[in-house]
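Okay, structure first, notes after.
The values are calculated or read from the model by the stated rules, or taken from the named source; none is laboratory data. The structure presented is a predicted model; accordingly, all values stated were derived computationally and were not measured. Quick reminder, even Gly has a Cβ in these numbers, built from the backbone with ideal geometry, and neighbours come from all protein chains shown.
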Amino acid sequence: MELEKRIRNIREAYGMTQAEVAYNANMSPQAYGKIERRASKTKLETLLKIANAIGVSIKFLIDIENSEYFEYKNNL
């Protein structure tokens, strides 16, 4: 699953709006919306803020324990 879709799915599963996550992450709703549309270009520090804002670990947010993640990264 693409990172931006995963972030959106996790946010929705936690019952949060984009505005709530943006507020908790100390960013504008517009900036957060762009991340959900194009997360692959997002800095790790920003992803950490989003993970904290939702209440999940960064490992869970970006799913780095998934074997497909390692295969994908190894092919870059």
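Considering 26, 74, the condition of being modelled with pLDDT of 95 or more, exposed (fewer than 12 other Cβ atoms within 10 Å of the Cβ) and over 9 Å from the mean Cα position of the chain (by Cα) is satisfied by 26 alone. Checked across the range 28-38, the condition of being within 13 Å of residue 3 (Cβ to Cβ), touching a residue at least 12 places away in the same chain (Cβ under 8 Å), in a helix (DSSP H, G or I) and of a type outside the set (Asp, Glu) holds for at least one residue. Kindly provide the set of residues from the range 1-20 that are under 16 Å from residue 60 (Cα atoms), of a type outside the set (Gly, Ala, Ser) and not in a loop (DSSP other than H, G, I, E, B), ordered by number. Once the filter is applied, which keeps residues that are under 16 Å from residue 60 (Cα atoms), of a type outside the set (Gly, Ala, Ser) and not in a loop (DSSP other than H, G, I, E, B), the range 1-20 yields 3, 4, 5, 6, 7, 8, 9, 10, 11, 12.
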